[in-house]
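Q: Please find one structure pasted underneath; my questions will follow.
Please treat every number below as a calculation from the coordinates, not as lab data. Note that this is a predicted model, so its numbers are computed, not measured. Please note: Cβ atoms are built from the backbone with ideal geometry, for glycine as well, and neighbour counts cover all protein chains shown.
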Amino acid sequence: MREIVKKAQDILYKYDIDPITDPHNLVSAPNKGHSIKNIQEVYDGLAKAEKEALQYCKKKGMSASATKKYVKNRLYKKLDDLGKIAAER
């Protein structure tokens, strides 16, 4: 489980998103602990969002700084979407 968490956090850190304090990564949900299934879902969602965003940026020929900003925004959207799902559980 820790390995999956680390991989998800590494994606976030790469785009200057603090996985501990960033509001996009904080959710109001019952404190029932994080299941492996939920953690895997978050990692898979982040990895997919990053991959798709990077492919889009490459296709558009975006600069490194524009790419980083675009990917960060896509990751924020994914975190927000995942947060809504978690809050409804």
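Q: Given [x] 1.25; [y] 0.99; [z] 0.93, which label gives Rg/Rh (Cα atoms, Kirkwood Rh) as computed from the coordinates?
A: [y]
Q: Please state the relative contact order of the chain as a whole percent: Cα pairs under 8 Å, 6+ residues apart? Mind dumping the intermediate values first?
A: Numbers: 67 pairs, mean separation 38.1, N = 89.
Relative contact order comes out at 43 percent.
Q: Follow-up. Give, rounded to the nearest 20 debye, the magnitude of the charge dipole that the chain has about its Cα centre when Lys and Arg contribute +1 at Cβ and Asp and Glu contribute -1 at Cβ. Can you show the working numbers first?
A: Values: 19 positive and 12 negative charges, 70 e Å.
Magnitude of the dipole: close to 340 debye.
Q: Which listed residue (Ile17, Tyr70, Gln55) has the Cα farthest towards the positive end of the charge dipole for the chain, taking +1 on Lys and Arg C-beta and -1 on Asp and Glu C-beta about the Cα centre?
A: Gln55
Q: Once every DSSP H run of n ≥ 4 in the chain is given -39500 (n - 2.57) and the sum is divided by its residues, what mean residue ellipticity at 222 nm do you get, rounded to the nearest 500 deg cm²/dmol? Let's see the in-between values first.
A: Details: 3 runs with 63 residues, N = 89.
Roughly -24500 deg cm²/dmol at 222 nm, from the helical runs in the chain.
Q: Under a cut-off of 24 Å between alpha-carbon atoms, report the lysines in cross-link reach of Lys6, not counting same-chain residues fewer than 8 places apart.
A: Correct list for Lys6: Lys14, Lys32, Lys37, Lys48, Lys51, Lys68, Lys69, Lys72, Lys77, Lys78, Lys84.
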